[in-house]
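Okay, structure first, notes after.
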Amino acid sequence: MGCFCSYVPEEILVAGNILPVRVLGSHEPQNVTEPYLFGMYCPFCRDVLAQGLKGRYDYLDGITLSQSCLHIRQSFIAWREHVEVPFNYYIYMPNKVQTKAATPYLKTEFEKYKAHVEEVVGKELTDDDLDRGIAALNRNRELMHKVYEYRKGDTPMLTGLEAMYMTVSGMWVDKDEHSAEMEKVLEQLPDRQMIRDTGTRLLVVGSENDDTAFIDMVESVGATVVVDDHCTGTRWFWNSVETGDDRINSIADRYIKRPPCPTKDWEERWRFPHILQLCKDFNVEGAIVIQQKFCDPHECDIMPLRKTFDEANIPSLFLEFDVTVPIGQFKVRVEAFLEMFGVDDLF
Amino acid sequence: MISNGKSVAGIDIGSRTTKAVIWDGSAVLGKTLIPTGWSPEKSAQKAFDEVKGTTQIDLVERIVVTGYGRATASFADKAITEITAHARGVSYLLPGTRTLIDIGGQDSKAIMIDEEGLVFDFAMNDRCAAGSGKFLEFLAMTMDLPVADFAELAFASTDPVQISSICTVFAESEVLSLLAEGVRKENIANGVHRSIAQRVAQMAKSLHPQAPGAFSGGVARNRCMVRELSAVLGFEMQVPEMPEYAGALGAAIIALEGIV
């Protein structure tokens with residue numbers, strides 16, 4: 001099941017023995033989306049739709065959108081209309097999550113989605129099925145937390161690039177298989193010898209980010225990405241489902257209370273204290289604010305986010321991403337940013 | 001800075017020109033500027049050989065390179081970004097500078113400098129030549145003028161026309177339309193300068209710029225650009241001696257600080 005956005009309740013899919021697959025882009029220039037997406041839709045949404053139009057997700061039996069922003073919604077709608085796929089479903093995930101009505105509302109929506117999944121798999125999902133789905137996701141999240149713990153020390157035991165491969169692969173691979181691999185990693189991490197200098201400890205923050213070439217470049221010039229706030233990273237796995245008798249209610253509550261995307265971060269700001277806590281816990285020295293060009297929700301957060309960093313004395317670098325990023329030009333900015341930290345190393 | 005008789009070199013391998021200086025801690029002993037051409041590494045080596053040849057120095061103790069071609073100069077001891085280099089050079093030439101604008105061949109930068117002469121924030125133009133020296137060159141070419149004459153023509157105008165296009169190619173079309181309408185050349189030239197100044201100031205204002213301001217890079221020789229930048233930023237932009245060498249000098253200063 002192709003998942004548009006990280007608010008799709010994967011627990012229900014796994015309960016139905018369906019493999020959730022986050023639909024991501026390919027970071028290649030393309031020319032197939034112009035008829036369906038206006039020029040100022042974000043490059044990620046464009047890249048996502050291009051994959052569908054080019055048949056690169058032809059193995060999908062269905063697609064699901066959980067409402068977040070209008071850009072990815074248009075990608076979903078265009079995909080639904082122009083790419084052959086047996087099933088599709090649009091979950092009306094509320095943007096107003098900061099209200100008592102949010103969880104009961106989402107519970108109703110997730111119950112409708114459960115009925116859709118039952119139609120797809122041709123059988124009813126029992127409480128045991130849902131428990132299995134919840135357990136698989138929770139175990140996977142718990143293991144990712146344990147791996148992230150190894151990034152907090154003076155010498156992070158894995159690079160930001162490795163962490164990105166871990167989280168993004170978790171969005172595609174069977175959860176139990178992925179968890180089994182992470183358990184193997186966790187056995188090896190304590191004894192791992194890191195032969196690289198940690199350099200400046202960075203947080204990367206923004207919308208979707210699976211740009212491995214960029215993270216690799218950043219970590220090649222004297223830095224380590226120690227934590228992130230991305231929907232392909234911590235925002236996706238940070239909190240677990242607190243199990244209760246009403247499984248769907250518990251799942252809904254998890255998605256209402258997770259670290260929010262900016263579309264859902266109002267009226268109170270939950271994001272900024274959460275991000276500052278990440279900075280504190282992971283001993284972050286600087287932040288790279290990664291902005292997908294034209295991503296309105298994140299764009300509107302740039303000013304208050306950078307102000308939040310300024311007030312916490314955390315220098316930040318703003319970079320605007322497109323489908324492909326100019327690594328050379330970004331390298332100058334990143335190196336100059338890192339030179340601000342390493343004044344003593346300059347000479 | 002006391003050099004104990006040691007001399008060092010700083011080389012700024014820019015997208016258009018390569019600048020090199022020999023520095024002994026108190027004076028620039030030699031300087032050279034050559035076109036970068038297709039090979040930044042060869043240009044850097046050539047600039048270094050040339051500048052060394054102009055001095056009586058036998059031994060250059062350390063070489064620090066900067067600029068977009070910095071990674072190619074394998075003979076250098078160290079490479080730093082042009083942002084740090086320009087800030088260092090200008091802080092030496094104009095102590096106390098807090099806001100530095102550097103307009104180079106293909107990019108422009110706003111650099112914020114603290115009380116100790118260290119960079120604490122910066123911004124650069126993205127993916128586009130608007131607000132760069134190349135934009136100026138291109139529009140001068142459109143009006144069939146050498147850049148220096150284009151700048152002086154612009155300086156003579158007090159009534160700039162508005163150039164709305166940010167894109168270099170579209171700006172050319174706009175200029176051609178204005179010429180066809182009979183708008184005076186000097187007012188168009190001034191409008192082009194103001195357009196660049198506004199583009200750069202827009203970038204700088206995201207950093208909350210403050211006086212004293214300075215302007216480095218080759219384009220700082222253009223007095224119309226100095227005037228327009230000062231006007232849109234709201235404070236005077238001072239131009240250091242040999243502004244095009246500020247990056248190379250900054251690299252040399254860092255080279256010397258590393259050995260004394």
| In the stretch A:321-347, which residues are of a type in the set (Asp, Glu), surrounded by fewer than 19 Cβ atoms within 10 Å (Cβ to Cβ) and over 19 Å from A:ASP216 (Cβ atoms)? | A:ASP344, A:ASP345
| note | Residue set A:THR234, A:THR198; condition in contact (Cβ under 8 Å) with a residue 60 or more places away in the chain, of a type in the set (S, T, N, Q) and touching a strand residue (DSSP E or B) at 6+ places or on another chain (Cβ under 9 Å); output residue A:THR234
| note | The lone condition B:ILE34 fails out of (1) surrounded by 16 or more Cβ atoms within 10 Å (Cβ to Cβ); (2) assigned to a strand (DSSP E or B) is (1)
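Restricting attention to the stretch B:205-260, report how many residues are assigned to a loop (DSSP other than H, G, I, E, B) and farther than 30 Å from B:GLY5 by Cα.
Initially, the stretch B:205-260 is screened for residues assigned to a loop (DSSP other than H, G, I, E, B), giving B:206-212, B:217, B:222, B:234-236, B:239-242, B:258-260.
Pick out the ones that are also farther than 30 Å from B:GLY5 by Cα and you get B:206-212, B:222, B:234-236.
So the count comes out to 11.
Looking only at the stretch B:67-85, how many residues end up being of a type outside the set (D, E, K, R) and more than 10 Å from chain A (Cβ to nearest Cβ)?
Of the residues in the stretch B:67-85, the ones of a type outside the set (D, E, K, R) are B:67-69, B:71-76, B:79-81, B:83-85.
Of the ones still in play, those that are also more than 10 Å from chain A (Cβ to nearest Cβ) are B:69, B:72-76.
So the count comes out to 6.
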| query | Taking only pairs six or more apart or across chains, which ones have beta-carbon atoms under 7 Å, a first residue in the stretch A:1-13 that is under 12 Å from A:ASN88 (Cβ atoms), and a second residue that is assigned to a loop (DSSP other than H, G, I, E, B) and among the charged types (D, E, K, R)? | reply | A:MET1/A:ASP61
| Scope the stretch B:37-51; condition closer than 17 Å to B:SER74 by Cβ and part of a helix (DSSP H, G or I); matching residues | B:PRO40, B:GLU41, B:LYS42, B:SER43, B:ALA44, B:GLN45, B:LYS46, B:ALA47, B:PHE48, B:ASP49
| message | It is to be established whether one or more residues within the stretch B:69-78 are under 20 Å from the mean Cα position of the chain (by Cα) and either surrounded by fewer than 24 Cβ atoms within 10 Å (Cβ to Cβ) or at pLDDT 95 or above (or both). | response | yes
| remark: In the stretch A:137-176, anything farther than 20 Å from A:VAL241 by Cβ and not in a loop (DSSP other than H, G, I, E, B) is listed as A:GLU149, A:GLY160, A:LEU161, A:GLU162, A:ALA163, A:MET164, A:TYR165, A:MET166, A:VAL168, A:SER169
| task | Report whether or not B:CYS128 is within 13 Å of chain A (Cβ to nearest Cβ) and surrounded by fewer than 23 Cβ atoms within 10 Å (Cβ to Cβ). | result | yes
| Taking the stretch B:204-260, which residues are within 14 Å of chain A (Cβ to nearest Cβ) and of a type in the set (Asp, Glu)? | B:GLU257
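In this structure, does A:LEU276 turn out to be over 17 Å from the mean Cα position of the chain (by Cα), crowded, with 16+ Cβ neighbours inside 10 Å, within 14 Å of another protein chain (Cβ to nearest Cβ) and under 28 Å from A:GLY222 (Cβ atoms)? Explain how you work it out, then say what you get.
Details: over 17 Å from the mean Cα position of the chain (by Cα): yes; crowded, with 16+ Cβ neighbours inside 10 Å: yes; within 14 Å of another protein chain (Cβ to nearest Cβ): no; under 28 Å from A:GLY222 (Cβ atoms): yes.
Taking the combined requirement at face value, the residue does not satisfy it.
Does the stretch A:18-37 hold any residues that are over 18 Å from the mean Cα position of the chain (by Cα), touching a residue at least 12 places away in the same chain (Cβ under 8 Å) and more than 19 Å from A:TYR90 (Cα to Cα), and which are they?
At the first step, the residues of the stretch A:18-37 found to be over 18 Å from the mean Cα position of the chain (by Cα) are A:18, A:28-37.
After this cut, where a residue has to be touching a residue at least 12 places away in the same chain (Cβ under 8 Å) as well, the list is A:18, A:28-30, A:32-33, A:36-37.
Hits for the stretch A:18-37 are A:GLU28, A:PRO29, A:GLN30, A:VAL32, A:THR33.
Of the residues A:ILE251, A:ILE275, which single one is within 30 Å of A:LEU125 (Cβ to Cβ) and of a type outside the set (Gly, Ala, Ser)?
Answer to the selection: A:ILE251.
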| Going through the stretch B:1-31 one residue at a time, which ones are part of a loop (DSSP other than H, G, I, E, B), of a type in the set (Lys, Arg) and out of contact with any Leu (no Cβ under 8 Å at 6 or more places or on another chain)? | B:ARG16
| said: I'm told A:TYR89 meets every condition in (1) farther than 21 Å from A:PRO259 by Cα; (2) among the aromatic types (Phe, Trp, Tyr); (3) touching a Pro at 6+ places or on another chain (Cβ under 6 Å) except one. Can you identify the failing condition by its number? | reply: (3)
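Looking only at residues that are part of a loop (DSSP other than H, G, I, E, B) and surrounded by fewer than 21 Cβ atoms within 10 Å (Cβ to Cβ) in the stretch B:106-124, which one is farthest from the other protein chains (Cβ to nearest Cβ)? If you could, list the steps in order and put the result at the bottom.
Residues of the stretch B:106-124 that are part of a loop (DSSP other than H, G, I, E, B), as a first pass: B:106-107, B:114-118.
So of that shortlist, the ones also surrounded by fewer than 21 Cβ atoms within 10 Å (Cβ to Cβ) come out as B:106, B:114-118.
Numbers: B:GLN106: 10, B:ASP114: 10, B:GLU115: 13, B:GLU116: 9, B:GLY117: 10, B:LEU118: 6 Å.
So the residue we want is B:GLU115.
Condition check: more than 18 Å from A:SER316 (Cα to Cα) and either at the interface with chain A (Cβ under 10 Å from one of its Cβ atoms) or of a type in the set (Asp, Glu) (or both). Does B:ASP102 satisfy that? If you could, list the steps in order and put the result at the bottom.
Numbers: more than 18 Å from A:SER316 (Cα to Cα): yes; either at the interface with chain A (Cβ under 10 Å from one of its Cβ atoms) or of a type in the set (Asp, Glu) (or both): yes.
Yes, satisfied.
Take A:VAL284 and decide whether it is surrounded by 19 or more Cβ atoms within 10 Å (Cβ to Cβ), in contact (Cβ under 8 Å) with a residue 40 or more places away in the chain and in a loop (DSSP other than H, G, I, E, B).
Numbers: surrounded by 19 or more Cβ atoms within 10 Å (Cβ to Cβ): yes; in contact (Cβ under 8 Å) with a residue 40 or more places away in the chain: yes; in a loop (DSSP other than H, G, I, E, B): yes.
So A:VAL284 fits the description; yes.
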| request: Search the stretch A:40-95 for residues being modelled with pLDDT of 95 or more and hydroxyl-bearing (Ser, Thr, Tyr), and hand back the single one that is nearest to A:ALA115 (Cα to Cα). | output: A:TYR89
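Could you check the stretch B:169-186 and list, in sequence order, the residues that are in contact (Cβ under 8 Å) with a residue 24 or more places away in the chain and surrounded by fewer than 19 Cβ atoms within 10 Å (Cβ to Cβ)? Can you show your working first?
Of the stretch B:169-186, the ones in contact (Cβ under 8 Å) with a residue 24 or more places away in the chain are B:171-172, B:175-176, B:179, B:184-186.
Residues satisfying the conditions are B:GLU172, B:LEU176, B:LEU179, B:ARG184, B:LYS185.
The values are calculated or read from the model by the stated rules, or taken from the named source; none is laboratory data. Small disclaimer: the values here were computed from a predicted structure and weren't measured. Note: ideal-geometry Cβ built from the backbone for every residue, glycine included; neighbour counts use all protein chains shown.
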